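Q: This structure is in structure tokens; I'll ask about it shortly.
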Amino acid sequence: MTTVVTALTHRHEARFVEVVGAAAEVTLVRRCADLPELLSTGAAGVARVAVVSPDLRGLDRDALRHLAGHGVRVAGLAAPEDEDGERRLRQLGVASVLHPDDDAATVAAVLGGLAEATTSRPLGPAAASTGEVEEEPEAPRAPTPVTVVWGPTGAPGRTTVAVTLAATLARAGIRTLLVDLDTWGASVAQLLGLVDEAPGVAAAARASEQGLLDVPGLARLAPEALPRLRVLTGLPRADRWPELRPAAVEDVLRLARGIVDHVVVDTGFALEEDEELSYDTAAPRRNAATLTALEAADRLVVVGAADPVGLQRLVRGVQDLAVRPAPPPTVLVNKVRASAAGPRPERTIREVLGRFAGLEEVRLLPWAPEDCDEAVLTGRALTEVRPRSPLLTQVAALAADLDERCVGAPTAGRHGTRRRARV
């Protein structure tokens with residue numbers, strides 16, 4: 001028996017309840033008046049499937065994620081002429097959409113199929129008539145890789161590496177999107193001299209929550225900062241972190257693969273989930289954006305500082321990442337210099353990380369304060385101001401390992417770039 005709960009507007013509720021009552025092996029256990037009641041009912045585990053209207057007040061991607069977390073599959077109910085409503089449901093991730101004029105057999109087949117499915121997926125015409133779940137053909141893997149740049153606390157140079165890596169990929173002719181998901185101190189816009197009065201990532205997350213975000217819409221929110229380099233700027237104020245919910249971040253990164261050929265994500269330093277424990281109910285988590293990005297990553301770059309404190313934090317950070325759902329890390333040690341690590345810093349750093357973190361392969365980035373200072377002062381990427389910097393040479397080697405299309409990238413000087421709005 002398929003247990004069903006509904007949260008429908010009055011226009012179609014009476015008709016649908018009548019159809020469900022006539023459907024075989026389907027039981028309506030509750031009719032919810034609003035979204036909070038639906039969420040509490042879903043958390044109680046009394047129903048396997050929920051049916052919602054596209055105009056249900058407060059319905060967003062995070063609410064659907066909450067239901068999915070309690071094992072509740074979701075179907076939509078929209079009139080055939082309500083194309084906007086059906087489109088919104090599908091953009092939110094509700095793949096199975098019923099219509100008020102569907103007969104009892106069709107409703108029973110769709111709801112029964114969802115109850116047995118592992119995800120909320122649609123049923124084809126054959127499955128709807130037989131009541132059997134129709135397996136979807138496996139979707140081809142998206143060719144666009146997502147590279148996440150992470151590092152422990154202490155300003156090891158995460159954002160500098162992320163910006164330089166993205167600019168290097170773009171210089172090689174690879175269409176690249178740089179996404180700033182740092183909820184503690186976003187700074188990509190400042191480093192590239194971009195106006196961040198209307199943060200792109202917040203606007204994208206807000207549109208995703210409402211089921212209004214698509215590939216063209218995301219492209220409009222991520223303007224080109226350099227040729228072939230789009231930027232989705234971060235939060236201008238750290239206290240706006242609740243705007244970046246996990247479901248929205250996951251959707252933004254999914255759509256980002258359809259805009260460019262490589263996505264680079266700059267994240268915050270914290271990996272803890274402890275703040276969730278201070279709430280009795282589901283609540284926003286400040287580090288959820290970073291954790292979601294790590295789960296979505298195809299490649300992971302970990303950045304640490306080449307000083308005793310930075311190396312200790314790097315060792316602990318690598319250990320923390322080992323228990324997270326993330327790809328194997330490529331470890332970078334930044335700001336390598338003899339004054340902080342001894343007369344033979346490269347050898348010392350490799351020995352320390354090999355002994356305490358078990359890292360056999362470590363990349364070292366040289367200390368280049370003057371090059372980085374000029375880039376920050378002028379609000380431009382390192383590829384623009386110092387194309388022959390030793391630091392840029394090492395980042396270019398990293399880019400070639402992360403994306404084979406970057407091998408043999410052309411060298412670009414200051415010409416060929418364009419001016420942008422300054423912060």
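Every read-out reported here was derived from the displayed coordinates using simple, explicitly stated rules and does not represent laboratory data. Note that this is a predicted model, so its numbers are computed, not measured. All Cβ positions, glycine included, derive from the backbone under ideal geometry; neighbour counts span all protein chains shown.
Q: Classify segment 2-130 from the C-alpha gyration tensor, please: rounded if a/c falls under 1.5, else prolate or oblate depending on whether a/b exceeds b/c.
A: Details: a/c = 1.25, a/b = 1.14, b/c = 1.10.
Rounded shape, in that the Cα axes give a/c under 1.5.
Q: With a point put 7 Å past each Cα toward its Cβ, work out how far Thr393 is from His10 in nm, to one decimal.
A: 7.5
Q: Answer rounded, prolate or oblate for the chain, using the Cα gyration tensor with square roots of eigenvalues a ≥ b ≥ c: rounded when a/c is under 1.5, else prolate when a/b is larger than b/c, else oblate. Could you put the intermediate results ahead of the total?
A: On the way: a/c = 2.53, a/b = 2.10, b/c = 1.20.
Note, shape of the chain comes out prolate.
Q: How much mean residue ellipticity at 222 nm does the chain get from its helices, if each DSSP H run of length 4 or more adds -39500 (n - 2.57) and you divide by all residues, to the nearest 500 deg cm²/dmol? Write out the running numbers ahead of the final one.
A: Values: 18 runs with 173 residues, N = 423.
Counting only the DSSP helices, I get -12000 deg cm²/dmol.
Q: What does the net charge come to around Ala104 if you take all other residues with beta carbon closer than 15 Å to its beta carbon, with K and R at +1 and D and E at -1? Numbers along the way, then the final one.
A: Details: positive: Arg15; negative: Glu18, Glu25, Asp101, Asp102, Asp103.
Once positives and negatives cancel, what remains is -4.
Q: For Arg206 and Arg337, what is the calculated FRET efficiency with R₀ set at 45 Å and r taken between the beta-carbons, to the nearest 0.05? Mind showing how you got there, number by number?
A: Numbers: r = 43 Å, r/R0 = 0.95.
That pair, Arg206 with Arg337, gives E of 0.55.
Q: Further, regarding this structure: Rounding to the nearest 20 debye, state how big the charge dipole of segment 2-130 is about its Cα centre with +1 on each Lys and Arg Cβ and -1 on each Asp and Glu Cβ.
A: Numbers: 13 positive and 17 negative charges, 93 e Å.
About 440 debye.
Q: To check my understanding: the extent here is largest minus smallest coordinate of the Cα atoms along each principal axis. What are those three numbers for segment 253-378, in Å, largest first?
A: For segment 253-378, the Cα extents along the three principal axes come out at 53, 35, 27 Å.
Q: Can you tell me the order of 82-95, 291-304, 334-347 when each peptide is scored by its average per-residue count of other Cβ atoms within 10 angstrom, highest first? Please list the in-between numbers first.
A: Details: 82-95: 18.8, 291-304: 22.3, 334-347: 16.4.
Going from most to least packed, we get 291-304, 82-95, 334-347.
Q: About the Cα centre of segment 146-406, how large is the charge dipole given +1 on each Lys and Arg Cβ and -1 on each Asp and Glu Cβ? Please answer in debye to the nearest 20.
A: Values: 29 positive and 35 negative charges, 145 e Å.
The dipole of segment 146-406 has a size of about 700 debye.
Q: Continuing with this model, one more query. If the chain between Ala155 and Val17 were fully stretched, how many nm would it gain, using 0.36 nm times the residue separation less the Cα-Cα distance?
A: Working: separation 138, 0.36 × 138 = 49.68 nm, distance 5.75 nm.
Extending this stretch completely gives an extra 43.9 nm.
Q: Give me, ordered by chain and number, the residues 5 or more places off Thr27 or on other chains with an amide H under 5 Å from its own placed amide H.
A: Thr2, Thr3, Val4
Q: Short version: ³J(HN,Hα) in whole Hz for each residue of segment 254-267, in order, from phi by Karplus 6.51 cos²θ - 1.76 cosθ + 1.60 (θ = phi - 60°), x for Gly and Pro, what are they?
A: So the Karplus estimates, Gly and Pro as x, are 5, 5, 4, 5, x, 9, 10, 9, 7, 10, 10, 10, 9, 10 Hz.
Q: Report the full-extension gain for the segment Ala33 to Glu351: residue separation times 0.36 nm, less the Cα-Cα distance, to one decimal in nm.
A: On the way: separation 318, 0.36 × 318 = 114.48 nm, distance 6.30 nm.
Once the chain is fully extended between Ala33 and Glu351, it gains 108.2 nm.
Q: Name the shape class, rounded, prolate or oblate, that the alpha-carbon gyration tensor gives for segment 12-82, where a ≥ b ≥ c are the square roots of its eigenvalues, rounded holds for a/c under 1.5, and otherwise prolate holds if a/b is larger than b/c and oblate otherwise. Before the final figure, lay out each step's value.
A: Details: a/c = 1.85, a/b = 1.19, b/c = 1.56.
Oblate, since a/c reaches 1.5 and b/c is not below a/b.
Q: Let me ask you something else. Provide the FRET efficiency to the nearest 0.05 for the Glu81-Met1 pair, computing r from the beta carbons and using R0 = 30 Å. Numbers along the way, then the final one.
A: Details: r = 33 Å, r/R0 = 1.09.
Result of the calculation: an efficiency of 0.35.
Q: Gain in length, Val46 to Leu377, computed as 0.36 nm per residue apart minus the alpha-carbon separation, to one decimal in nm?
A: 113.2 nm
Q: Oh, and also: Given a Förster radius of 51 Å and the C-beta distance between Ala24 and Arg316 as r, what FRET efficiency does 1/(1 + (r/R0)^6) yield to the nearest 0.05? Intermediate results must be reported in sequence, preceding the final value.
A: Working: r = 57 Å, r/R0 = 1.13.
So, using R0 = 51 Å, E works out to roughly 0.35.
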